[in-house]
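K.L.:
First, the structure itself, so that you have it in front of you.
The values are calculated or read from the model by the stated rules, or taken from the named source; none is laboratory data. Quantities reported herein were computed from a predicted structural model and do not represent experimental measurements. In this analysis, Cβ positions are derived from the backbone assuming ideal geometry, glycine residues included, and neighbour counts consider all displayed protein chains. Areas reflect the complete protein model, heavy atoms only, side chains present, ligands, DNA and RNA absent. Shrake-Rupley method; radii C 1.70, N 1.55, O 1.52, S 1.80 Å.
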Amino acid sequence: MEEPRKNMRCFCRHGPPYFTFGVIADIQYAKKPDGLSGWKTMRYYSQSCLHLHDAIKQWNAEEIKPKFVLQLGDIIDGYNKRAGRSEKSLEVVLSMTKVALMPFHHVWGNHEFYNFTRDYLMDSKLNTTWLEDKQTEELDQSCGGTSEKKDYYAYHFSPHTKFRFVMVDTYDLNVISGGASNEKNRKSLHLLASREYNLIDYHMTEFNGGMSQEQLAWLNDVLTYSDKNGEKVIIAGHIPIHPNAKRSLCLAWNYDEILKTIYCHPSVVCYFAGHDHSGGYYRDSHGVHHVTMEGVIESLPGTNAFGTVLVYEDGLLLHGRGRVKDRFLPYDMEATSSTSCFTCSVVSS
């Protein structure tokens, strides 16, 4: 296992970062033997909590401790529902995060909905809207109130005057959570059946989902606020939203509408996702970095899949661990091509 790097320096133009944050995806804990998934890839259930423990240990040991961690969804596996262990398994994983010296911001993925209803999740410890900003009255008014009044799970927060993070619900539209009498569920079923969003509809599968018009309107308001205030925005969701940022069928149903909303706003610099355990990266024509994190659940014993992101004036430095690569993600569109980014070495002294 790679040792924690306690004294981190990078070859960028600036000195210490404004702040740092952790990122991790697809822990998918379950008390079951390791084995092949439906994708014919190995899933190491026996290692998932060990990997999480190691990640927290390394984050706690860093000289510049992360302000928070983005947990990008699928924290426990859907097998827990069939085994009658959903609540117990969730508590096992969440109890491990209590030793972290920083809060976790939780995203909801498809496995959250395999295990729980939306109402349950809203009342659970996986609802971290209590960490959202409470002092942006102008923004709250334009967005029609706080997250508690929404029927989707999304919120925003600003850890620094120059930056804002937006947590989005890519299962706002889905057919996993049930509730046939629910209007949004009926819309989801109709959308999945009609394949109306794209002629290439391979991604219109039940394990994906999408964002409603209501959430997109809210996102547009948040990004407009950030544009006006000169903030740079990092968005976090479970499902990738760009076709070139994943290696499988994992793509939001209405990814084109999500991208159209984001492209109206120069404030957006990066979108972090999970879902595709193989990971992926793409910088699109608008300069937005799409980082799909490798899944913890498919990480061999002795390795891992998480990262620490150092936030600088000119870009984000993703310091990857295990299967996650080091990447420097500049805000300046001319700094890299649209299809790749250069790596920036992080060393320990």
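K.L.:
Check whether at least one residue in the range 108-119 is under 21 Å from residue 318 (Cβ atoms) and at pLDDT 95 or above, and report yes or no. Spell out the reasoning first.
P.N.:
Taking the range 108-119 and keeping what is under 21 Å from residue 318 (Cβ atoms), we get 109.
Okay, now just the ones that are also at pLDDT 95 or above, so 109.
Yes, some residue in the range 108-119 is under 21 Å from residue 318 (Cβ atoms) and at pLDDT 95 or above.
K.L.:
Another one. For the range 56-76, how many residues meet the condition of being open to solvent by less than 10 Å² (accessible area, probe 1.4 Å), of a type outside the set (A, V, I, L, M) and part of a loop (DSSP other than H, G, I, E, B)?
P.N.:
Start the filter on the range 56-76 by keeping residues that are open to solvent by less than 10 Å² (accessible area, probe 1.4 Å), which leaves 56, 58-59, 62, 66, 68-76.
Going one step further and asking which of them are of a type outside the set (A, V, I, L, M), we end up with 58-59, 62, 66, 68, 71, 73-74.
Restricting the remaining residues to those that are part of a loop (DSSP other than H, G, I, E, B) gives 62, 66, 68, 73-74.
Total meeting the criteria: 5.
K.L.:
Quick test of your reading of the structure: residue 255 fulfils all but one of (1) within 25 Å of residue 232 (Cβ to Cβ); (2) modelled with pLDDT of 95 or more. Name the failing condition by number.
P.N.:
(2)
K.L.:
Note down all Cβ pairs under 8 Å where the first residue falls in the range 111-126 and is in contact (Cβ under 8 Å) with a residue 60 or more places away in the chain, the second is in a helix (DSSP H, G or I), and they're at least six residues apart or on different chains.
P.N.:
These pairs meet every condition: 113/121; 114/81.
K.L.:
Another one. Pick from the range 111-121 the residues that are of a type in the set (Ser, Thr, Tyr) and in a helix (DSSP H, G or I): which of them is surrounded by the most Cβ atoms within 10 Å (Cβ to Cβ)?
P.N.:
Our first condition is that a residue be of a type in the set (Ser, Thr, Tyr); within the range 111-121, this holds for 114, 117, 120.
After this cut, where a residue has to be in a helix (DSSP H, G or I) as well, the list is 114, 120.
Values: 114: 19, 120: 16.
The qualifying residue surrounded by the most Cβ atoms within 10 Å (Cβ to Cβ) is 114.
K.L.:
What do you reckon, is residue 108 outside any loop (DSSP other than H, G, I, E, B) and in contact (Cβ under 8 Å) with a residue 60 or more places away in the chain? Working first, answer last.
P.N.:
Numbers: outside any loop (DSSP other than H, G, I, E, B): no; in contact (Cβ under 8 Å) with a residue 60 or more places away in the chain: yes.
Spelling it out, it is not the case that residue 108 is outside any loop (DSSP other than H, G, I, E, B) and in contact (Cβ under 8 Å) with a residue 60 or more places away in the chain.
K.L.:
Considering 86, 46, which residue is open to solvent by 50 Å² or more (accessible area, probe 1.4 Å), in contact (Cβ under 8 Å) with a residue 12 or more places away in the chain, over 16 Å from residue 293 (Cβ atoms) and among the polar types (S, T, N, Q)? Don't jump to the end; show me each part of the working.
P.N.:
Working: 86 fails: open to solvent by 50 Å² or more (accessible area, probe 1.4 Å).
Result of the check over 86, 46: 46.
K.L.:
Please return the ranges of strands (runs of 3 or more DSSP E) entirely within the range 196-307 where 1 or more residues are of a type in the set (A, V, I, L, M). Give the steps one after another, and end with the answer.
P.N.:
On the way: elements: 232-236, 268-273, 280-283, 289-292.
Those strands (runs of 3 or more DSSP E) span 232-236, 268-273, 289-292.
K.L.:
Next up: Identify, from the list 65, 88, the residue that is more than 23 Å from residue 206 (Cα to Cα) and in contact with a Leu (Cβ under 8 Å, 6 or more places away or on another chain).
P.N.:
Details: 88 fails: in contact with a Leu (Cβ under 8 Å, 6 or more places away or on another chain).
When all the criteria are applied, what remains is 65.
K.L.:
Condition test on residue 27, is it of a type in the set (A, V, I, L, M), part of a loop (DSSP other than H, G, I, E, B) and either more than 24 Å from the chain's Cα centre (by Cα) or modelled with pLDDT of 95 or more (or both)?
P.N.:
Values: of a type in the set (A, V, I, L, M): yes; part of a loop (DSSP other than H, G, I, E, B): yes; either more than 24 Å from the chain's Cα centre (by Cα) or modelled with pLDDT of 95 or more (or both): yes.
Yes, satisfied.
K.L.:
Right, here's the next one. Could you pull out the residue among 226, 267 that is open to solvent by less than 20 Å² (accessible area, probe 1.4 Å), touching an Asp or Glu at 6+ places or on another chain (Cβ under 6 Å) and under 19 Å from residue 132 (Cβ atoms)?
P.N.:
Working: 226 fails: touching an Asp or Glu at 6+ places or on another chain (Cβ under 6 Å).
Just one listed residue meets the conditions, 267.
K.L.:
From the list 269, 291, 296, which residue is more than 15 Å from residue 23 (Cα to Cα) and touching a residue at least 24 places away in the same chain (Cβ under 8 Å)? Don't jump to the end; show me each part of the working.
P.N.:
Numbers: 291 fails: more than 15 Å from residue 23 (Cα to Cα); 296 fails: more than 15 Å from residue 23 (Cα to Cα).
Unique residue meeting the criteria: 269.
K.L.:
Test residue 234 against the stated conditions and say whether it is open to solvent by less than 10 Å² (accessible area, probe 1.4 Å), out of contact with any helix residue (DSSP H, G or I) (no Cβ under 6 Å at 6 or more places or on another chain) and modelled with pLDDT of 95 or more.
P.N.:
Working: open to solvent by less than 10 Å² (accessible area, probe 1.4 Å): yes; out of contact with any helix residue (DSSP H, G or I) (no Cβ under 6 Å at 6 or more places or on another chain): yes; modelled with pLDDT of 95 or more: yes.
For residue 234, the condition - open to solvent by less than 10 Å² (accessible area, probe 1.4 Å), out of contact with any helix residue (DSSP H, G or I) (no Cβ under 6 Å at 6 or more places or on another chain) and modelled with pLDDT of 95 or more - is met.
K.L.:
Answer yes or no as to whether residue 37 is open to solvent by less than 50 Å² (accessible area, probe 1.4 Å), at pLDDT below 90, farther than 28 Å from residue 161 by Cβ and touching a strand residue (DSSP E or B) at 6+ places or on another chain (Cβ under 9 Å). So that I can check it myself, show each step before the final result.
P.N.:
Details: open to solvent by less than 50 Å² (accessible area, probe 1.4 Å): yes; at pLDDT below 90: yes; farther than 28 Å from residue 161 by Cβ: yes; touching a strand residue (DSSP E or B) at 6+ places or on another chain (Cβ under 9 Å): yes.
In short, yes.
K.L.:
So which residues in the range 329-349 are at pLDDT 95 or above and either touching an Asp or Glu at 6+ places or on another chain (Cβ under 9 Å) or in a loop (DSSP other than H, G, I, E, B) (or both)? Let's see the steps before the verdict.
P.N.:
Narrowing the range 329-349 to residues at pLDDT 95 or above: 329-331.
Hits for the range 329-349 are 330, 331.
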